[in-house]
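Before any comments, here is the structure.
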Amino acid sequence: MRGYGIKAINVPGWVEKEKPAAGPLDAVLRPVLISPCTSDLHSMHGGAGPKEKDRIMGHEAVGEIVEVGALVREFKVGETVAVPCTTPDWLAPGVQGRFNAHDRSPLGSFKFLSQKDGVMAEFFHVNQADANLARIPEGVAPEAALMTVDMMSTGFYGAENADIAYGDTVAVIGIGPVGLMTVAGAELRGAGRIIVIGTRPNCVKAAREYGATDVVSYKNGDLADQVLDLTGGRGADSVIIAGGGAETFGKAVRMCKAMGTISNVNYFDAADTLGMPAPAWGLGMADKTIRGGFCPGGRSRIEKLLDVIKYGRCDPARLITHVFEGFEKIEDATRLMEEKPADLIKPMVRIRW
Ligand code: NDP
Ligand code: ZN
């Protein structure tokens, strides 16, 4: 089968692979809708990506089931389902607590791209299908379902980790698709003021629609100073990092008030060192909580997010700005994601309907 992948670091391209087979608990699907993610590109450029060459990219898909293992009870061949980008091994000790992204190693539940071929292929494999596929409820468009599997799950997780109370002032650094879902998640969690940091006009417009009250440009001076000015020197109750380089970390801590929370979902580079001036952290004594987390996955997580859409609380399909038709267009969509033109939020490829 063919797939679009990482031929070598910095070299994307089409590759030929064996069609995957389903183990007893697993399923094989063919993609119906896929979307490239910024993390595919990070990995292609070396990030924390696969060491194996010719690894197929892609981890955001709605797919049609073409094969199920003998022990799969809940799903049948022919069904169209949402595929969580994080598909934990549910027998591993690392998922038997509050988190599910670190099954046997840090970030180990992220299988596509990192540990096996991803969804930008004619066929792809899903481990433990009963626990790792999500049924799309009536009334939810497949395009919206596609946006739950990574963008909404990751963006909302940024908000979940940020200890947001009713009326809190929340700052969101980065308003690409992940940050936009963080804004939506912060609003659902009861934030009062939501200050966002970003510049692309389409993203700024979407941020306001999802609940942003104030917009700051990191190009207009130090973003921590700007947020501190806006809040009368006090800082935000919660700061969520969903974009920017390593330097945003220290700024996030600085713009967070004492006793506040910093929540990161950004994918930093392996070569980065994250640091801050000691006063930003109250010389180590400001009772600021710092968390960093990976997109939670699995069936129940994604089915709950699908209910958020079904009952009209959030429409993540608003993120999709560019639609491509046909399997061959995966290449163009991935290139567009890399170039990030001003009007782009998220591209989608419709492979079959
Ligand atoms: P985008 O590249 O679309 O958006 C990045 C945002 O950061 C933009 O709003 C951009 O502003 C802003 N930005 C750029 N430079 C700076 C800066 N110096 N200071 C402040 N803000 C800046 O990314 P995505 O939304 O697609 O993804 C965000 C991050 O989340 C990525 O690192 C991605 O790899 C990661 N990710 C993490 C996951 C997880 O599980 N933790 C899962 C999925 C993605 P502008 O408007 O100017 O472009
Ligand atoms: Zn991703």
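The values are calculated or read from the model by the stated rules, or taken from the named source; none is laboratory data. Given the structure is predicted, the values throughout are model-derived calculations rather than measurements. Every residue, glycine among them, receives a Cβ derived from its backbone with ideal geometry; neighbour counts consider all protein chains shown. Calculation scope for accessible area: heavy atoms of the full protein, side chains included, ligands and nucleic acids excluded. Shrake-Rupley method; radii C 1.70, N 1.55, O 1.52, S 1.80 Å.
I need the shape label for the range 284-339. Rule: rounded when a/c is under 1.5, else prolate if a/b > b/c, else oblate, with a, b, c from the alpha carbon gyration tensor. Cα axes put the range 284-339 in the oblate bin. How much of the accessible area of the range 162-292, in percent, comes from carbon and sulfur atoms when a 1.4 Å probe is used? Solvent-exposed carbon and sulfur of the range 162-292 make up 52 percent of the total. A 1.4 Å probe, protein heavy atoms only, puts the accessible area of Arg301 near 40 Å². Distance between the pseudo-spin-label points of Arg335 and Thr199 (7 Å out from Cα toward the beta carbon): 2.5 nm. Given R0 = 35 Å, the distance between the Cβ atoms of Ala141 and Asp287 translates into a calculated FRET efficiency of 0.20.
Listed values for the range 278-289 are Karplus-derived 3J(HN,Hα) couplings in whole Hz (6.51 cos²θ - 1.76 cosθ + 1.60, θ = phi - 60°), namely 3, x, 4, 10, x, 6, x, 10, 8, 6, 8, 8, and x replaces Gly and Pro.
For trypsin sites (Lys or Arg not before Pro), the sites in the range 27-120 that DSSP calls loop and that have at most 14 other Cβ atoms within 10 Å are Lys51, Lys53, Arg73, Lys76, Arg98, Arg104.
Ordered from highest to lowest accessible area with the whole protein assembly present and a 1.4 Å probe, His102, His322, His59 read as His102, His322, His59. DSSP bridge analysis restricted to the chain gives an antiparallel fraction near 50%, rounded to the nearest 5. Here the simple spin-label model places points 7 Å from the Cα toward Cβ, and for Asp229 and Glu328 these points are separated by 5.2 nm. Largest to smallest in accessible area, the residues Tyr267, Tyr218, Tyr157 fall in the order Tyr218, Tyr267, Tyr157 (1.4 Å probe, all protein chains included).
Ranking Trp90, Trp14 from most to least accessible surface, computed with a 1.4 Å probe over the protein chains only, gives Trp90, Trp14. Would you please classify the overall shape of the range 64-177 from the alpha carbon gyration tensor, given that a ≥ b ≥ c denote the square roots of the eigenvalues, rounded means a/c under 1.5, and beyond that prolate means a/b larger than b/c while oblate covers the rest? It is prolate, given that a/c is not under 1.5 and a/b is the larger ratio. Taking amide H atoms as placed 1.01 Å from N in the peptide plane, the amide H of Lys346 lies under 5 Å from those of Thr321, His322, each 5 or more residues away in sequence or on another chain.
If I take R0 = 41 Å and measure r between the Cβ atoms of Lys304 and Asp269 in this structure, what FRET efficiency does the formula 1/(1 + (r/R0)^6) give, to the nearest 0.05? With a Förster radius of 41 Å, E is 0.80.
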